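A short reminder: the numbers here are calculations on the coordinates, not readings from a lab. Just so you know, these numbers come straight off a predicted model, no measurement behind them. Note that each Cβ is placed from the backbone with ideal geometry, even for glycine, and that neighbours are counted across all protein chains shown.
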Amino acid sequence: MINDSLLRAYNSRPLRFLVTGGWNTAFSYISTAVLYYFFSDKFHYMVIVVFSSVINITQAYLTHKFIVFKTKGNYLKEYLRYYVVYAVPMGLGFLFFPVFIDIFKLNFYVTQAILTFITVIISWFGHKNVSFRT
């Protein structure tokens, strides 16, 4: 019975998306925070955001491809579509990081948390309907 429940849970794409999304969100937040902590005295925060976006999006692509959507082949095509989906939240991030930090004087880490939450919501619909569509 436990094995059947685990198998059903594993076969649930939304559940796999939720679990990997939790991992991707934690990874993204922590890796960006670490980059900011070590490099904020050398680089503008927006340079750090761009660099961390490439790392975080690549890592998230791999978990979504192999764990959530389980697609075969099409690596470059899916990876490029993955970036198309992230164009919206990345654009919002590039717009709102300066607004929240420079105008509203929010902390970098608080701003990152707010924008991460928005990205999670947008990404489910985008990846389901664009990145890994069959």
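For this structure, a couple of remarks:
- Each principal axis of the Cα cloud of the range 2-131 was taken in turn, and the coordinate range along them, longest first, works out to 51, 34, 23 Å.
- Helix 13-39 and the long axis of the chain differ in direction by around 20°, with both axes built from C-alpha atoms.
- Modelled label positions at Phe27 and Thr58, each set 7 Å beyond Cα in the direction of Cβ, lie 1.2 nm from each other.
- Taking the longest Cα principal axis of the chain as reference, the axis of helix 45-63 is set at about 10 degrees.
- For Lys42, a cut-off of 25 angstrom between C-alpha atoms picks up these lysines, skipping any fewer than 8 places away in its own chain: Lys105.
- Per-peptide packing, taken as the mean over residues of other Cβ atoms within 10 Å, places 16-29, 94-107 in the sequence 16-29, 94-107 from highest down.
- Note on Leu18/Ile114: beta-carbon distance plugged into 1/(1 + (r/R0)^6) with R0 of 22 Å gives a FRET efficiency of 0.65.
- Between the Cα long axis of helix 75-98 and the first principal axis of the chain there is an angle of about 40°, rounded to the nearest 10.
- Inter-site label distance for Asn129 and Phe38 at 7 Å from Cα along Cβ, in nm: 3.8 nm
- For Leu106, residues with placed amide H under 5 Å, excluding near neighbours: Ile101
- Using the Cβ-Cβ distance between Val88 and Arg8 with R0 = 30 Å, the FRET efficiency computed as 1/(1 + (r/R0)^6) comes to roughly 0.40.
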